[in-house]
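Enquirer: First the structure, then my questions, so here it is.
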Amino acid sequence: MKIPISKRLRLCAQLVPEGARVADIGTDHGYLGLYLLQNGLAAHVLAADLRPQPLQTAKLHAAKFGFAGQMEFRLSDGLAEIAPDEADTIVCAGMGGDLIVEILSACPWLRDRNYTLILQPQSAGQELRRWLGEHGFAIECEQLVQDGKFLYTVLRAHPGAGTPLSPGAQYVSPWLRQSGSPLLGAYMQRIETALRRSVEGLMGAEHQRPERLAYYRSALEEVEEMRKNHENGTGNL
Ligand SMILES: C[S@@+](CC[C@H](N)C(=O)[O-])C[C@H]1O[C@@H](n2cnc3c(N)ncnc32)[C@H](O)[C@@H]1O
C-alpha cells in the first residue's frame, strides 16, 4: 500500500541523507516517517508531536501500513523529550518559521554533532533563514516544490559557520537561487507581491514603524532586482 504523501513532504524525504536516524518533530499523520521507512530511505524514525491526538493518528497509520514495530512515537514539545543520540537528522515540516526557530533555539544539544536539519517553513521562512545564519547553522541547500497552487521551500542545514543574510536574501536565499528551479521566477513574483503589500500596509498605517518599513523596502528592492536578473538570465547570485 502506498503512503499518501504530498509533493511537499516528498521533497523533505528526498533531502534526508540515506540511512538516517530521523526525528520527525510535529509528525501529525506520520506520513513522512512512514514514506522514509517504506522506501528504505531511513534506518530509524522517531515520530514526535506536542499533542496526543496526532501521535495517536500516526500510530494508527503505522499499523495500517505495516510499520508499527519499526517506528517510535514520542509526546514531546519540540526536541525536549528527545535525547541527543536518538537521531542524526531532525525534520521540522509544515510549521511556521517562527515555531521552527522556537523549537531549534530551545534545544541545548543541536550544535554538539553534525546533525542534519530538514526544515520546511509554511510561513515566515525569512525569520528562519535569518536565525540560522545568526546562530551557527549553515544552510547547505534549499529547494522549491509546487503542491497544488502553493509553492514551498525546504532547507537542509547543519551546525557550522552561518551566513548573515541581507533582508532580500532572507526571503530568497542564495541557495534557492542556485537551485536553478523552474519555479524560481514565480516564487520571486509571489514574494515581491507580498513585500509590496507589507510596504503599502505600513505606509498607510496610523502607527508608524520606520525600522520595519525600511526592512521591507530594502527586501523588496533586492527581490525586484533578483527577479529582473533572473528574467534576463543575468545570473542567480
Ligand atoms: C500542520 S502539522 C504538520 C504535519 C507534518 N509535519 C507535515 O508537514 O505535514 C503541525 C504539527 O506540529 C505539531 N506541533 C506544533 N507545535 C509543536 C511543538 N512545539 N512540538 C512538537 N510538535 C508540535 C502539531 O501538533 C501538528 O501535529
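The values are calculated or read from the model by the stated rules, or taken from the named source; none is laboratory data. Just so we're clear, the structure is a prediction, and the values are computed from it rather than from any experiment. Quick reminder, even Gly has a Cβ in these numbers, built from the backbone with ideal geometry, and neighbours come from all protein chains shown.
Enquirer: Taking the conditions exactly as written (closer than 18 Å to Ala68 by Cβ and either crowded, with 21+ Cβ neighbours inside 10 Å or at pLDDT below 95 (or both)), does Ala48 satisfy them or not? Outline the logic, then answer.
Expert: Working: closer than 18 Å to Ala68 by Cβ: yes; either crowded, with 21+ Cβ neighbours inside 10 Å or at pLDDT below 95 (or both): yes.
So Ala48 fits the description; yes.
Enquirer: Among the numbered conditions (1) basic (Lys, Arg); (2) outside the structural domain of Leu110 (by TED's automatic domain parsing); (3) closer than 24 Å to Cys141 by Cα, tell me where Lys2 comes up short.
Expert: Condition not satisfied by Lys2: (3).
Enquirer: Determine, yes or no, whether Leu144 is without any contact (Cβ under 8 Å) to a residue 40 or more places away in the chain and closer than 21 Å to Cys12 by Cα. Even if it seems obvious, please write down each step before you answer.
Expert: On the way: without any contact (Cβ under 8 Å) to a residue 40 or more places away in the chain: no; closer than 21 Å to Cys12 by Cα: yes.
So Leu144 does not fit the description; no.
Enquirer: Look at the stretch 51-66 and say how many of its residues are over 21 Å from the mean Cα position of the chain (by Cα), more than 8 Å from Gly30 (Cβ to Cβ) and surrounded by fewer than 19 Cβ atoms within 10 Å (Cβ to Cβ).
Expert: 7
Enquirer: Can you say whether Gly26 is more than 13 Å from Met71 (Cβ to Cβ), within 14 Å of the ligand (Cβ to nearest atom) and touching an Asp or Glu at 6+ places or on another chain (Cβ under 7 Å), as far as the supplied structure shows?
Expert: It is true that Gly26 is more than 13 Å from Met71 (Cβ to Cβ), within 14 Å of the ligand (Cβ to nearest atom) and touching an Asp or Glu at 6+ places or on another chain (Cβ under 7 Å).
Enquirer: Condition first: of a type in the set (Ser, Thr, Tyr) and surrounded by fewer than 18 Cβ atoms within 10 Å (Cβ to Cβ). Now tell me which residues in the stretch 189-237 satisfy that. Write out each step before concluding.
Expert: Looking only at the stretch 189-237, we keep the residues that are of a type in the set (Ser, Thr, Tyr), and these are 193, 198, 215-216, 218, 234.
Residues satisfying the conditions are Thr193, Ser198, Ser218, Thr234.
Enquirer: While we're here: Looking only at helices (runs of 4 or more DSSP H) that fall completely inside the stretch 148-237, which ones have 1 or more residues that are of a type in the set (Ser, Thr, Tyr)? Let's see the steps before the verdict.
Expert: Values: elements: 167-171, 174-178, 184-203, 210-232.
Of the helices (runs of 4 or more DSSP H) lying wholly inside the stretch 148-237, those with at least 1 residues that are of a type in the set (Ser, Thr, Tyr) span 167-171, 184-203, 210-232.
Enquirer: Another question, then. Cβ-Cβ distance below 9 Å, separation of 6 or more or different chains: which pairs start in the stretch 47-66 with a residue that is at positive phi and free of Cβ contacts under 8 Å to residues at least 24 places away in the same chain and end on one that is among the basic types (Lys, Arg) and assigned to a helix (DSSP H, G or I)?
Expert: Taking only residues 6 or more apart or on different chains, not a single pair turns up.
Enquirer: Every residue in the stretch 83-126 that is in a helix (DSSP H, G or I) and either away from the ligand (no atom under 15 Å from the Cβ) or farther than 19 Å from Leu9 by Cβ (or both), please.
Expert: Of the residues in the stretch 83-126, the ones in a helix (DSSP H, G or I) are 84-86, 97-105, 125-126.
Within the stretch 83-126, Pro84, Asp85, Glu86, Asp98, Val101, Glu102, Leu104, Ser105, Gln126 meet the criteria.
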